[in-house]
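Trainee: Before I ask anything, let me first share the structure, which is written out below as structure tokens.
What follows is calculated from the coordinates using simple rules that are stated; it is not laboratory data. Remember, it's a predicted structure, so these values are computed and weren't measured experimentally. Methodologically, a virtual Cβ is constructed for each residue, glycine included, from the backbone with ideal geometry; neighbour enumeration extends over all protein chains shown.
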Amino acid sequence: MRSKALALMAASIGVVVGIAGTSASAWASTATGSPIKVGAISALSGPITIADPQNTAKAYFKYINAHGGINGHPIDYISLDDAANPANAATDARQLVEQDGVVAEVGGSSLLECAVNANFYVQQKVLDIPGIGVDQDCFGSPDVSPVNTGPFNGTEAGLEYLYKDLHKTKLCDIGNNVSASYNAGVIASIKKWEASTGQKVLLTDLSIVPGKSNMTTYVLEAKKHGCTGVVWGLTSTAPQLVQAAHTQGINFSDPSSPKDVAWIGLTTIYSSQLATALGASGNGLMSESEFEPATPQDANAPGIAAWESVAKAGGAPISSTGEGGYVAAKLFVDVAKTIKGAITRASFTAAMHKVSDYVSPLTGTPYSFTPGPAHNSNRAIKVVILKGGVWQSLTSNWVVVPS
Amino acid sequence: MIQAGITGLSAGGAYAALGVCVVLLYRMVAVVNFSLAAAAADGWFVLLVLHQHGMAYGPAALIGVATGAAVSAIVGTIMALWFAEADVRTKSTIGIAAFIAINTISFRVFGDNARPIPTQLTGRAFELGGVYVTGSTVAAIVGSVVLAIAVSAVLAKTRIGSELRALSERPRTAELMGMSVRLRTISVWAVVGAIATIAMLAIGPQQSSSFSAMSLLVVPAFAAALVGLFRNFYATVIGGIAIGVIQGMASESSTFAQYQDVVPFVIIVVAILWAQRGEVWDVAR
């Protein structure tokens with residue numbers, strides 16, 4: 001709405017300026033054309049929330065609007081909440097596609113939106129570029145192509161890192177019970193990794209219900225199975241898990257030591273808020289970063305400064321999931337700028353389908369949205385570790401899983 | 001199995017304490033208080049926010065308990081002012097409305113971001129069956145038993161207890177005898193809110209940072225209260241601890257873990273059927 005108001009204000013200024021006969025170039029930095037509508041569906045409330053991607057995408061679009069928009073057209077970003085409710089997700093998609101007439105959906109992050117709406121997007125010929133795709137259909141649908149690695153490639157990459165780099169052989173996977181399709185996707189990734197390495201994952205438990213499960217149970221389960229490396233996926237319950245591990249005498253402060261258990265979280269663990277919340281108690285906890293991490297070691301990596309300044313200016317937190325929103329929003333703008341003529345759903349879809357190797361300095365593998373039954377072009381992670389309440393980089397190279 | 005059961009003790013202690021609060025309020029003011037855990041969760045989250053900003057645990061906990069008491073007292077005031085004469089059904093409906101209102105407002109205020117957890121009660125107390133039992137677990141179990149004994153004693157043996165019983169059984173008569181019904185009702189709500197918040201403080205470090213999950217702890221508390229048939233405090237404590245332990249045992253198997261939330265509902269149904277066992281089939285059903 002703010003961007004709408006901004007566009008309206010800018011347009012009125014333009015008219016006044018025009019009447020006064022002043023050169024329009026004096027106002028060239030603000031977009032004045034008709035707005036380009038872009039939508040997003042995210043889990044902004046409910047059992048698990050992932051709000052950073054759309055916050056950061058919003059911040060990026062605000063920045064673009066303030067710098068002339070896309071060929072003079074401002075972006076009107078309509079971000080809706082599905083509250084992890086399938087009925088809401090379906091209603092949201094219909095509102096965005098049929099009522100608002102969005103060009104595409106960009107930078108969303110829902111737990112189930114892809115599963116609910118993937119077929120609808122195919123029918124409506126509209127593309128969805130989630131900042132953080134979660135469920136299996138985000139990575140297995142013709143009209144959805146997330147920019148993130150996702151929990152399935154992420155699970156495989158986490159196991160690979162624990163096994164190859166940290167030489168852990170007793171590996172376990174403990175995670176949230178998100179949905180049947182999500183759980184099936186994680187199990188398929190584990191099987192894929194087992195087949196490629198000949199190793200066996202000792203324990204796979206995807207029964208954690210955020211907010212309800214007692215973390216001590218899972219810590220004891222890992223202890224009982226003798227896990228030396230654990231891939232896990234939690235956010236709001238991470239402090240409870242760390243607390244339970246300390247109480248039950250599981251040491252994880254030095255993951256490279258054979259005596260310590262290496263805990264590596266999927267990318268949602270990597271956030272500045274969690275680092276502050278855990279402080280020194282989280283020392284040794286590792287997380288995947290599906291994008292280039294904003295650690296002290298990687299502060300000068302290409303693309304980091306631009307993302308951080310946009311996020312900070314827009315009031316979005318610095319987090320890995322937020323970075324996904326930024327990458328998706330920037331991808332949208334970069335592709336839209338190549339379109340000659342009006343930016344419509346059809347013209348954007350055609351332009352996007354030509355993207356086969358979009359390189360972002362913030363991702364480990366090039367992005368692709370060429371026509372096909374499934375898209376999961378991001379297959380890389382980096383690893384960060386918590387030390388004294390600050391995330392530090394552990395890997396300089398990307399850990400890439402085979403496609 | 002035993003190990004998993006022990007991990008459920010801390011939740012069981014909190015269910016027991018919250019269950020005692022539910023029974024207390026029901027016996028005193030004839031209200032099934034759906035908003036109890038939501039008010040207490042407000043207290044816990046205020047403590048978390050204050051702790052996050054550097055306040056020491058003691059004063060932060062006191063302010064948290066005061067917040068829980070205040071939120072509960074606000075709901076109590078609404079009940080006392082406008083619904084004092086209403087039947088249990090109406091009062092329960094207001095309780096559900098209060099639960100939804102507190103939940104919605106508090107989620108917007110506190111969100112579900114991870115927050116630092118105070119470590120005052122998370123240290124090991126002792127080892128039992130290969131599990132290190134935390135101070136908060138001991139506090140929750142001992143606290144709920146002490147609470148049941150104290151509440152029973154106050155109601156049976158003190159003047160304020162007699163007054164409160166009079167208030168609940170014959171409110172009109174008590175009022176005609178010069179007792180301030182409103183003030184006493186609101187005070188009961190505030191005290192129950194404070195006790196529930198203390199229970200929340202004990203269980204909080206092992207629960208999630210999600211407000212809605214914390215506020216839903218009222219469901220197992222109801223199941224515990226039903227085991228005591230909304231009258232007996234000791235049976236409520238036993239019921240609460242049993243629910244916690246059964247849930248703990250269920251969580252050991254990844255198949256059953258997904259259904260551990262069902263445990264309180266099963267106990268609610270069984271308790272209701274047990275309570276109605278003497279009734280004639282056609283009348284009861």
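Trainee: Which of the helices in chain A meet the span-like rule: DSSP H, Cα axial reach of 18 Å or more, Kyte-Doolittle mean at least 1.0?
Mentor: Length and hydropathy pass: A:2-20.
Trainee: Mean Kyte-Doolittle of at least -0.5 plus a Cα span of 18 Å or more along the axis: flag which DSSP H helices in chain B meet both, please.
Mentor: B:9-29, B:36-52, B:57-82, B:88-110, B:135-157, B:181-203, B:233-252, B:262-275
Trainee: With label points built 7 Å along Cα→Cβ from the Cα atoms of B:Met55 and B:Gln276, find their separation and express it in nm.
Mentor: Simple spin-label model gives 4.7 nm for this pair.
Trainee: Would you tell me the mean number of C-beta atoms belonging to other protein chains that fall within 10 Å of each C-beta in B:238-251, as a whole number?
Mentor: That average works out to 2.
Trainee: Would you calculate the separation in nanometres between label points at A:His225 and A:Ser272, each defined as 7 Å from the Cα along the Cα-to-beta-carbon direction?
Mentor: 3.5
Trainee: When A:Lys354, A:Lys62, A:Lys330 are ordered from fewest to most other Cβ atoms inside 10 Å of their Cβ, what list results?
Mentor: A:Lys354, A:Lys62, A:Lys330
Trainee: Quick one: which residues, 5 or more positions from A:Gln297 or on another chain, have an amide H under 5 Å from its amide H? H modelled 1.01 Å from N in the peptide plane, none for Pro or chain starts.
Mentor: A:Ser393
Trainee: Taking square-rooted eigenvalues a ≥ b ≥ c of the alpha carbon gyration tensor, is region A:36-100 rounded, prolate or oblate, where a/c under 1.5 means rounded and, failing that, a/b exceeding b/c means prolate?
Mentor: Taking the square roots of the gyration eigenvalues as a ≥ b ≥ c, region A:36-100 is oblate.
Trainee: Rounding to the nearest 20 debye, state how big the charge dipole of region B:103-188 is about its Cα centre with +1 on each Lys and Arg Cβ and -1 on each Asp and Glu Cβ.
Mentor: Dipole size: approximately 300 debye.
Trainee: Can you tell me, using C-alpha contacts under 8 Å and at least 6 residues apart, the relative contact order of chain A as a whole percent?
Mentor: Computed value for chain A: 18 percent relative contact order.
Trainee: Sticking with this one: Sort B:225-234, A:33-42, A:370-379 for me by packing, meaning the mean count of neighbouring Cβ atoms within 10 Å per residue, highest on top.
Mentor: Working: B:225-234: 20.4, A:33-42: 23.9, A:370-379: 17.0.
My ranking of the peptides, most packed first, is A:33-42, B:225-234, A:370-379.
Trainee: Sticking with this one: Calculate for chain A the 222 nm mean residue ellipticity that helices alone would give, adding -39,500 (n - 2.57) per DSSP H run of length 4 or more and normalising by residue count, nearest 500 deg cm²/dmol.
Mentor: Rounded to the nearest 500, it is -11500 deg cm²/dmol.
Trainee: Computed FRET efficiency, Cβ-Cβ of B:Glu175 and B:Leu62, R0 41 Å: what is it to the nearest 0.05?
Mentor: 0.75
Trainee: Now a separate question. Using only Cα atoms, what Kirkwood radius does region A:166-256 have, in angstroms? Intermediate values should be presented prior to the final figure.
Mentor: On the way: mean 1/r = 0.0726 Å⁻¹.
Hydrodynamic radius (Kirkwood, Cα only) of region A:166-256 equals 13.8 Å.
Trainee: From the square roots a ≥ b ≥ c of the eigenvalues of the alpha-carbon gyration tensor of region A:190-322, which class results: rounded (a/c under 1.5), prolate (a/b over b/c), or oblate?
Mentor: Taking the square roots of the gyration eigenvalues as a ≥ b ≥ c, region A:190-322 is prolate.
Trainee: Within 10 Å of each residue's Cβ, count the other Cβ atoms and sort B:Cys21, A:Cys172 from fewest upward. The partial results should precede the final answer.
Mentor: Values: B:Cys21 31, A:Cys172 25.
Going from sparsest to densest Cβ surroundings: A:Cys172, B:Cys21.
Trainee: Same structure, new question: Lys/Arg Cβ at +1, Asp/Glu Cβ at -1, dipole of region A:153-283 taken about the Cα centre: which of A:Tyr163, A:Leu203, A:His246 is farthest positive-ward?
Mentor: Result: A:Leu203.
Trainee: Something else: Taking just the alpha-carbon atoms of the protein assembly as shown, what radius of gyration and Dmax come out, in angstrom?
Mentor: 27.8, 93
Trainee: Among DSSP bridges having both ends in the protein assembly as shown, what percentage is antiparallel? Round to the nearest 5.
Mentor: 40
Trainee: Also, I was wondering about something else. In debye, nearest 20, what is the charge dipole magnitude of region A:200-296 about its Cα centre with +1 on Lys and Arg Cβ and -1 on Asp and Glu Cβ, if you could check?
Mentor: Using only the charged Cβ atoms, the result is roughly 360 debye.
Trainee: Right, another one. Which of the lysines could a cross-linker span from A:Lys224 if the Cα-Cα distance has to be under 26 Å and same-chain partners fewer than 8 positions apart are dropped?
Mentor: A:Lys164, A:Lys168, A:Lys170, A:Lys191, A:Lys192, A:Lys200, A:Lys212, A:Lys259
Trainee: Is the shape of region B:45-168 best called rounded, prolate or oblate, per the rule: a/c under 1.5 gives rounded, else a/b larger than b/c gives prolate, else oblate, with a ≥ b ≥ c the square roots of the Cα gyration tensor eigenvalues?
Mentor: oblate
Trainee: Sticking with this structure for a sec: Evaluate the distance, in nm, between pseudo-label points positioned 7 Å from the Cα of A:Val359 and of B:Ile2 along their respective Cα→Cβ axes.
Mentor: 6.3
Trainee: A further question follows. Tell me the relative contact order for chain B as a rounded percent, counting alpha carbon contacts under 8 Å between residues six or more apart.
Mentor: 37
Trainee: Assuming R0 = 41 Å, can you tell me the calculated FRET efficiency for the pair A:Ser396 and A:Glu98, based on Cβ-Cβ distance, to the nearest 0.05? Spell out each step's value before the answer.
Mentor: Values: r = 47 Å, r/R0 = 1.15.
So, using R0 = 41 Å, E works out to roughly 0.30.
Trainee: Sticking with this one: Where a Cα-Cα gap under 28 Å defines reach, which lysines qualify for A:Lys37, not counting those fewer than 8 residues away within the same chain?
Mentor: A:Lys4, A:Lys58, A:Lys62, A:Lys125, A:Lys312, A:Lys330, A:Lys337, A:Lys340, A:Lys354
Trainee: How high is the FRET efficiency from A:Ala184 to B:Tyr259, r the C-beta distance, R0 22 Å, rounded to 0.05?
Mentor: Plugging the Cβ-Cβ distance into 1/(1 + (r/R0)^6) gives 0.75.
Trainee: Next question. Cut-off is 10 Å between beta-carbons; in what order do B:Val22, B:Val49, B:Val142 appear when sorted fewest neighbours first?
Mentor: By the 10 Å Cβ count, ascending, the order reads B:Val142, B:Val49, B:Val22.
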